[in-house]
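Q: Just dropping this structure here.
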Amino acid sequence: MDFGPQLFLASLDGMVTAAVLALTALGLSLVFGVMRVVNVAHGEFFMLGAVIAWFVASNIGGHAAIGFIAALIIAPLVVGAIAAAADWIVLKRLDYEPEATIVATIGLLYILQQGALVTFGPVAQAVEPPFNKRIEIPWFEGANVGWGLFTTSYKLFVIGATIAILIGVWLLLSRTKIGLVMRATQLDRETAQAFGIPVEKVYALTFGFGAALAALAAVLIVPIQQADYLMGGDPLLLSFIVVIIGGLGSLRGTLVAALIIGMSDGIISVFFTPTLAKIIATLAVAMVLVFRPQGLFGAKAQ
Amino acid sequence: MKPDRALLLHLAVIAALFAMQYVLPAYHQGNLARILVLATFATGYNILFGYTGLLSLGHALFFAAGMYGAGMTMRFLDWPALAAFPAGIVAATLLAGMIGALALRTTGVAFMIVTLMFAQAGYLTILYFNEFTRGDEGFVIVQATRNILGFDLSNDDVRFVAAWLIFSVGLLVALAVVRSRMGRVLVAIRENEERTRMLGFDPFPYKLSAVALSGAYAGAAGAAYALLFGSVGASFASIQYSIEPLLFVLLGGTGVVLGPLVGAIVIFYLIEYAREVTTAYLIVVGVALVLLILFARKGVLGSLRRRTDGWLP
């Protein structure tokens, strides 16, 4: 295949990666921004979302779309509830002290992952996409039209759905009382508390919401990727990369970084190897943290 | 002159460990050899985490550096084991020094993430050069080459004594370090870095030394693991091997020299036991981490120390 069409396809797959990554990283960024908690178990919430999507889809009969829509609602709710409970039972008691919460979320990572191994099993499971029409892409340079150059309607749907969800989250944060309360807590925990905001409940809600976003991303990607109890590692690593490059706690930076990392991951993976893409990204992150701790797009620390 | 209670206690532990080879059945003797190597790893980690207060999530990289430093020199350069072992230590120490110099520009949460990222990059790099490292699959060091001064390291008894020797040296060095002037400064940095600076100490060289020293321990343990058990592989650079020393230290007692040994013994047998019951045996690691951080922050020996007027170093 020519370079042009291949780059186009790689970019399209990169867009899908970027979309899912944006949602997952947004959850991590939100939790860090509001609670100052680095959630190492975030990838496992992603995994749980995919696994629950499989459970729901395989237990609901009928057309694949019914199971998919059910999963889209049930998985984030269940995962959000599990995360909120974990916050209430464990993190709250640690007073959100940074080192202790990191150790606790590492523990949570193992508990969730191994819990999934027991209930879900070691074998990866596929989930049928609700629709998956093959869409040919006419390529005007001519020569190779007709073979291989196609995408699927489901991939385009993932990109569209992600944009819709992102707009929804933005509206939630900027236009609703819940968003206002979350932003107030983020700015100044003590003052928020003094004004009667139930900070502990806001924290549980934020932690649950962050995890639910990861679960939602997983439900979207699982028809393309399969559910597997070990699948949490990559989204965790990539979300970390995105959140740090975008600036810890900066939501706009997170989105820009998700786009850059997702696209470059897609493109480098196609032209070189996925491993090389991740090596470059992890080293980039370490360097960003060392030399520009506020992130590439983040403002100076307040 | 008062007898040095702490030194006597540590020598007694070392003697008791040596005697174990005559008491334990072969299976547990083999386990103990493995535990001693892992405990050496964690003893170095304790100097960094327990005494200096720096939580690294990337020490698997230094363990792997020691392992590959020894393994690769033997495999490709035909170095004898006697030279390969220090090569592993040097490789790990240099790597720890370089990464430490970068990572120590950050503090707190950022330090943890930077160390995690470097270790992950290292792990992926080992996978990337699959051709030489054999990736996750790993490679075996030829048994005939695994001997030092005529001692066959693959022999059970020799292996035990070698592991015991490495652990003992590591333990005594750690004891000397934490009781030295440097050890006092490290604890001061842990308790209050700003105040330490005010007292006229520049924390950076001390912190860097702690990173490099813990890296040397990790390297020694990794190289020893390669020589004693014969296997070298990328999986030893994975995040799980960064979490293990942290868990050993937390359970045994952060900032207690003997803590990592206690932690390593308990966790090793907990995992062994869980492995017989379920495939999801790593759940032990998760539950232990959460329970320890919630209810027993000081670990076994840390709680014990509070009842002994604090003479336990």
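Q: Taking Cα atoms of chain A, Rg/Rh with Kirkwood Rh, to two decimals? Show your work: numbers first, answer last.
A: Numbers: Rg = 19.6 Å, Rh = 19.9 Å.
So for chain A, dividing Rg by the Kirkwood Rh gives 0.98.
Q: Per residue, what volume in Å³ does the convex hull of the Cα atoms of region A:33-127 enclose?
A: So the per-residue Cα hull volume is 98 Å³.
Q: Order A:207-219, B:293-305 from most to least packed using the mean count of other Cβ atoms within 10 Å.
A: Working: A:207-219: 28.6, B:293-305: 17.8.
Sorting A:207-219, B:293-305 by mean packing, highest first, produces A:207-219, B:293-305.
Q: If amide H atoms are built 1.01 Å from N in the plane of the peptide, which residues on other chains or at least 5 residues away come under 5 Å of the amide H of residue B:148?
A: HN-HN under 5 Å from residue B:148: B:153.
Q: For A:63, B:59, B:10, what's the fewest-to-most ordering of other Cβ within 10 Å of each Cβ? Spell out each step's value before the answer.
A: Details: A:63 12, B:59 31, B:10 20.
Ordered from fewest to most neighbouring Cβ atoms within 10 Å, A:63, B:59, B:10 come out as A:63, B:10, B:59.
Q: Give the residue from A:174, B:255, A:30 lying farthest towards the positive end of the charge dipole for the protein assembly as shown; charges sit on Cβ (+1 for Lys and Arg, -1 for Asp and Glu) and the dipole is referred to the Cα centre.
A: Value: B:255.
Q: Give me the percent relative contact order of chain A, please, defined on Cα pairs under 8 angstrom at least 6 residues apart. Walk me through the intermediate numbers first.
A: On the way: 477 pairs, mean separation 109.7, N = 302.
With pairs under 8 Å counted, the relative contact order is 36 percent.
Q: For region B:296-306, in order, what is each residue's ³J(HN,Hα) by Karplus, 6.51 cos²θ - 1.76 cosθ + 1.60 with θ = phi - 60°, in whole Hz (x at glycine and Pro)?
A: Running phi through 6.51 cos²θ - 1.76 cosθ + 1.60 with θ = phi - 60° gives 9, 4, 8, x, 4, 6, x, 5, 5, 4, 5 Hz.
Q: Same structure again: How big is the Kirkwood radius of region B:5-237, worked out from every pair of different alpha carbons and given in Å to one decimal? Can you show the working numbers first?
A: Numbers: mean 1/r = 0.0548 Å⁻¹.
With all distinct Cα pairs of region B:5-237 included, I get 18.3 Å.
Q: A follow-up question, please. Grab the eigenvalues of the alpha-carbon gyration tensor for region B:147-188, scale each by 5, take roots, and send me the semi-axes largest first in whole angstrom.
A: Details: eigenvalues 216, 13, 7 Å².
Semi-axes (√(5λ), whole Å): 33, 8, 6.
Q: Name the residues whose placed amide hydrogens come within less than 5 Å of the amide hydrogen of residue B:138, ignoring near sequence neighbours (fewer than 5 apart) on the same chain.
A: B:234
Q: Another question about this same structure. When only C-alpha pairs under 8 Å and at least 6 residues apart count, what is the relative contact order of chain B, in percent? Write out the running numbers ahead of the final one.
A: Values: 523 pairs, mean separation 101.9, N = 313.
Relative CO of chain B lands at 33 percent.
Q: What is the order of A:35, B:20, fewest Cβ neighbours within 10 Å to most?
A: Values: A:35 25, B:20 16.
The most exposed by this proxy come first: B:20, A:35.
Q: Quick check: Cα centre of region A:74-92 to Cα centre of region A:197-254, how many Å?
A: Result: 13 Å between the Cα centres.
Q: Using alpha carbon centroids, what distance separates region B:204-263 and region A:101-134, in Å?
A: Using only Cα atoms to place each centre, the spacing works out to 29 Å.
Q: Moving on to the next point. Give me B:267, A:165 sorted ascending by neighbouring Cβ count inside 10 Å, so fewest comes first.
A: Values: B:267 22, A:165 18.
With the sparsest Cβ surroundings first, the list reads A:165, B:267.
Q: In whole Hz, what ³J(HN,Hα) sequence does region A:81-94 give by Karplus (6.51, -1.76, 1.60; θ = phi - 60°), x for Gly and Pro?
A: In residue order, the calculated couplings are 5, 4, 5, 4, 5, 4, 4, 5, 7, 10, 5, 4, 5, 8 Hz.
Q: Turning to a different aspect of this structure: Kindly write out, for region B:122-129 in residue order, the coupling ³J(HN,Hα) from the Karplus curve 6.51 cos²θ - 1.76 cosθ + 1.60 (θ = phi - 60°), rounded to whole Hz, with x marking Gly and Pro.
A: 3J(HN,Hα) across region B:122-129, in whole Hz: x, 4, 5, 5, 4, 5, 5, 8.
Q: Which entries of A:92/A:177; A:92/B:298; A:177/A:201 show an alpha-carbon separation above 26 angstrom in the structure shown? Mind showing how you got there, number by number?
A: Values: A:92/A:177 23 Å; A:92/B:298 19 Å; A:177/A:201 14 Å.
Result: no pair exceeds 26 Å.
Q: Follow-up question, since we're still on this one. Mind putting together the pair-distance distribution for region A:160-284? All Cα pairs, 5 Å bins, whole percent per bin, short to long.
A: Spelled out per bin, shortest first, that is 2, 9, 15, 20, 19, 14, 9, 6, 3, 1, 0.
Q: Moving on to the next point. With no solvent and one equal point scatterer per Cα, compute the Debye intensity ratio I(q)/I(0) for the protein assembly as shown at 0.07, 0.12 Å⁻¹ and report its log10, rounded to two decimals.
A: The Debye formula, applied to the Cα set alone, gives -0.46, -1.27.
Q: A follow-up question, please. What aspartates and glutamates could a cross-link reach from residue A:278, if we take a straight Cα to Cα line under 12 Å and drop same-chain neighbours fewer than 8 places away?
A: Partners found: A:234, A:265.
Q: Give me the percent of Cα-Cα pairs in region B:47-114 that sit more than 16 Å apart, rounded to a whole number. Don't skip to the end; give the middle numbers.
A: Values: 1181 of 2278 pairs.
Above the 16 Å cut-off, region B:47-114 has 52 percent of its Cα pairs.
Q: Here's another thing I want to ask about it. Over the Cα atoms of region A:1-77, compute the convex hull volume and normalise it per residue, giving Å³.
A: Details: hull volume 10.2 nm³, N = 77.
Given the Cα convex hull of region A:1-77, per-residue volume reads 132 Å³.
Q: Give the Rg/Rh ratio for region B:151-286, taking Rg as the radius of gyration of the Cα atoms and Rh as the Kirkwood radius, to two decimals.
A: 1.03
Q: Under 5 Å between amide H atoms, partner at least 5 residues away or on a different chain: which partners does residue A:152 have, H built in plane at 1.01 Å?
A: A:135
Q: Leaving out same-chain residues fewer than 8 places away, which aspartates and glutamates sit with a Cα under 17 Å from that of residue A:133?
A: A:13
Q: For helix A:177-187, report the angle its Cα long axis makes with the longest principal axis of the Cα atoms of chain A; keep it between 0 and 90° and round to the nearest 10°.
A: So the helix axis and the longest Cα principal axis differ by about 70 degrees.
Q: Sum up the charges of everything whose Cβ sits under 15 Å from the Cβ of residue B:114, counting Lys and Arg as +1 and Asp and Glu as -1, but leave residue B:114 out.
A: Neighbour charge sum, excluding residue B:114 itself: +2.
Here, each number is a calculation from the coordinates, and none is a lab measurement. In this text the structure is predicted, and so the values were computed from the model without any measurement. For neighbour counting, all protein chains shown are included, and Cβ atoms are generated from backbone atoms with ideal geometry for every residue, glycine included.
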